[in-house]
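What follows is a short report on a single structure.
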Amino acid sequence: MLAPGLLAALAVLLAWPVPLLLSRAKWTHRSPAAALVVWQAIAIAGGLSMIGALLTFGLAPFGEHLVSGAIGFVTTVGSGEPVQPNELWNVLALCAAALLTAHLLLNLVLTVVRSERQRRRHAELLMLLSSPMPSGYRLIDTPAPIAYCLPGALRSVTVVSAGLIELLDEPAMRAVIEHEKAHVRQRHDVVLVLFRAWHASLPWFPIAYRAQREVALLIELLADDYARKSVHDAVLEGAIARVGAGRDDTGAASASGEWADAASPDTLTVRVSRLNPQVSALPPAVEATIVAAAVLLLAIPPVLLLMPTALAMVR
């Protein structure tokens, strides 16, 4: 019974206090790549811990470890033996583990299908309402300063507006384009879909929404870091500020729901503030330690699930 207790404790920690502390941490804005790894590790390890706690508790009366318990449960069910009263809670736990797994997978599939359908519909409208540019981008005729990418399985499209071209000079325009290229090349849409599915699966968890919001911000910071390789920080800062002010003047939001949080005032404030020369990334050794801790966290649930089986095989 040690494994179910440890897995349950880990699931509780990853469901609330750990994500809450991470969302309030200041270092995440300095090293968004490491922070994004941690958020993904929390999401995956939290799901495995919840399912693992229910699974190991449910199989406990039927065997000494996961494999023998599963064999014992299948044998008991196949033989038609009635469930003993003291095993009722264990059977309910197994049912809960199966339902939770199915719920998470179903929401993931539905979120992916829904996002792909919306993206396809958006692309169809875009082909009708925009015109191609020699640079390969699509131009929409609106005074609002808009730039976004529309990722696709085979082909991605970067969209800019006439208002953006009129607002920005050539260096600032290059900063915006490089920012959008990062979203496409690093497939940030895939990460967003995964966290959107997590939120859809557990809408009653406030931390699920906060995780989705924080990941969206980190993705914007990662795209900014990509753009900083091509333009000076002052140019990128000016582009962010001017585009944000232009959106406020026109009352326009982002044209793509995929990146809806990118234009929020809080996001723009964080993006501009971290371009201050006094704000630097974490030292590489610290980043490596954070990533190693995330990998270790990800390994804990499988170890707790499989260690009793491995020890039994050794004996």
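Residues that are aliphatic (A, V, I, L, M) and either without any contact (Cβ under 8 Å) to a residue 24 or more places away in the chain or within 19 Å of Arg117 (Cβ to Cβ) (or both) within the stretch 127-158 comprise Met127, Leu128, Leu129, Leu150, Ala153, Leu154, Val157, listed in sequence order.
Checking the stretch 24-41 against the condition returns a match, with at least one residue being free of Cβ contacts under 8 Å to residues at least 12 places away in the same chain, assigned to a helix (DSSP H, G or I) and under 24 Å from the mean Cα position of the chain (by Cα). Quick one: in the stretch 228-239, of everything that is more than 26 Å from the chain's Cα centre (by Cα) and outside any helix (DSSP H, G or I), which residue is farthest from His179 (Cα to Cα)? Among those that are more than 26 Å from the chain's Cα centre (by Cα) and outside any helix (DSSP H, G or I), it is His232. Among the residues making up the stretch 124-146, those that are closer than 25 Å to Ala216 by Cβ, touching a helix residue (DSSP H, G or I) at 6+ places or on another chain (Cβ under 7 Å) and of a type outside the set (Gly, Ala, Ser) are Arg138, Ile140, Thr142, Pro145, Ile146. Under the condition of being without any contact (Cβ under 8 Å) to a residue 60 or more places away in the chain and more than 21 Å from the chain's Cα centre (by Cα), the residues counted in the stretch 101-126 number 6. Evaluation of Leu94 against the conditions (1) modelled with pLDDT of 95 or more; (2) outside any helix (DSSP H, G or I) shows that the sole unmet condition is (2). Here Leu164 clears all of (1) within 24 Å of Leu36 (Cβ to Cβ); (2) aliphatic (A, V, I, L, M); (3) crowded, with 21+ Cβ neighbours inside 10 Å except the condition numbered (1).
For (1) among the acidic types (Asp, Glu); (2) more than 13 Å from Leu305 (Cβ to Cβ); (3) modelled with pLDDT under 95, each residue gets a yes or a no:
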residue	(1), (2), (3)
Met1	no, yes, yes
Leu7	no, no, no
Ala15	no, yes, yes
Leu20	no, yes, yes
Ala34	no, yes, no
Ala41	no, yes, no
Leu55	no, no, no
Gly69	no, no, yes
Ser79	no, yes, yes
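Please find, within the stretch 147-161, the residue that is surrounded by the fewest Cβ atoms within 10 Å (Cβ to Cβ) out of those that are in a loop (DSSP other than H, G, I, E, B) and touching a helix residue (DSSP H, G or I) at 6+ places or on another chain (Cβ under 6 Å). Within the stretch 147-161, the match that is surrounded by the fewest Cβ atoms within 10 Å (Cβ to Cβ) is Ser156.
The values are calculated or read from the model by the stated rules, or taken from the named source; none is laboratory data. Source: prediction; values computed, not measured. No Cβ is skipped: glycine too gets one built from the backbone with ideal geometry, and neighbour counts run over all protein chains shown.
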